[in-house]
Structure formats: C-alpha cells, structure tokens
1. Less than 26 Å apart at the alpha-carbon level, and either on another chain or at least 8 residues along: which lysines does that give for LYS30?
2. Name the residue farthest towards the positive end of the dipole of region 41-200 from the options PRO105, PRO150, ILE178, assuming +1 on Cβ of Lys and Arg, -1 on Cβ of Asp and Glu, about the Cα centre.
3. Assuming a strict under-19 Å limit between Cα atoms, what lysine pair count do you get for region 86-200 once near-sequence pairs (fewer than 8 apart, same chain) are dropped?
4. Using a Förster distance of 41 Å, how high is the FRET efficiency between SER33 and SER153, based on the Cβ-Cβ distance and rounded to 0.05?
5. For region 52-89, which trypsin sites (Lys or Arg not before Pro) are in a loop by DSSP, counting at most 10 other Cβ atoms within 10 Å?
6. Would you order LEU40, LEU80 from fewest to most other beta-carbon atoms within 10 Å of each residue's own beta-carbon?
7. Using alpha carbon coordinates only, what is the Rg to Rh ratio of region 25-116, with Rh defined as the Kirkwood radius?
8. Cα convex hull of region 106-200: mean projected area in nm², to one decimal?
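Any read-out appearing in this document is the output of simple, stated calculations on the displayed coordinates, not a laboratory observation. Computed from a predicted model, the values in this text were never measured in an experiment. Positions of Cβ are generated from backbone atoms using ideal geometry, with glycine treated the same way; all protein chains shown enter the neighbour counts.
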Amino acid sequence: MNSAILAILSAGAALAGGVTTEPAIDPLAKYRSNDEIHGLYEVRAEAKDFLDRQNARDGTDWRPIDPDIRIVVDRCAVPLKSKWTMFESRKSVLVSCSRTVTSAPQRRWELPVSIGSDRLQRNYDIHEAALKFIRSEPTRGGANQEAGYPSASTMVYKCAVPLKAEWRNKDVELSVDIICAKTIDSAPMPRSWRVRVPVT
C-alpha cells in the first residue's frame, strides 16, 4: 500500500473519530535554495547528515537546531561540508561552502549550526536548582541574591535523581555547585556531574 493511500486512510480514521490532525509545519520549508541563495533548509539537512553519521558511530542523539532565518548565504557551487566546531563556547556543527556560484559576491562561507540532544540537562533547570537553593538560605546568600546560569559551554546529561546544591567555598566570587549523583542510564561515563553557577 503506497504512502498516499495510507495518508488518506489515516485522515479518514481521524475524521471518523471526531479528531482532526494537522501536519507539522517545518519552519525552514520556505527557505530552500534558489539560483542565488543557498537555503537554510539545505544547510540544516547537511548538518543533520553529519550528525546522523556521528550518532551512528558514537551512540549519541545529536540533532541540529534550526538556523536563524535572518541569515542569508550565497548559493554554493560544490557540495557542502560539515565538521565539529565551537561557536559561542558551545559545541556546534560548522557547515561550509568552499566555492560559491560565479555571480556571488563572496567566494566561500561558513555557517555554524547549533545542536541539541534529548538526553541533555537544560541549563535552565540547573539555574532554577541554584535559585531555589539560595532562596532557602537567605542568611548565606542574602535576600536579594540571584542565581546566574552555567557557562555557555556546559553540556551535561539529564539527572536521574533530584539535583542537589551546595555553596562553593573555593571561589573568591560567591557561587553554588549543582550536583547530579546519577545520570540517566543512557548517558556515557562518568555517570555524575557537578556544575558551577554564579550568584550575584
């Protein structure tokens, strides 16, 4: 049974049950390549192909995050290439074009693509754990103290147990350590982590 028939049957079943489903809209679908511009849709696809190969080799689950739609790059005349890079202190994929079309004002370009993983602990969660901790200890942190965020390069796996916190005494500046004693089972070694959060 071909995909078109399956789609029709699925739609009919949804309507019969009083449920309507709408296909997910790809935000980059309208940003495809033309004669002059290399589309962000294709840039993301190149990053995804690179990450798929890395995931198959390493057992990871990296995925590309959609590039900023305000970015415009010239049409590439040769196949795109990808490699690991650090962008704004974060691990990213660098998609590059070594030769653009003859009409392009720039002969080459590079575009970093941010990445994500369903197995990573959000830096926001770490921030919230630090904030909750300092609010529970006003005599040490002060009533008006605020927790910052981990450094931009922080990438740690999700914690399988509640996060813990303690004051970091070695730093001159006031800060908190957020501690995970056991990460999720699918995370590689080491199975624990400690992240510093500044307090202002």
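1. LYS48, LYS81, LYS83
2. Value computed over the given set: PRO105.
3. 5
4. Step by step, r from the Cβ atoms, then E = 0.80.
5. Passing both the DSSP loop test and the Cβ count: ARG70.
6. Ascending Cβ contact count within 10 Å gives the list LEU80, LEU40.
7. Rg/Rh: 0.97.
8. Approximately 8.9 nm², given one-decimal rounding.
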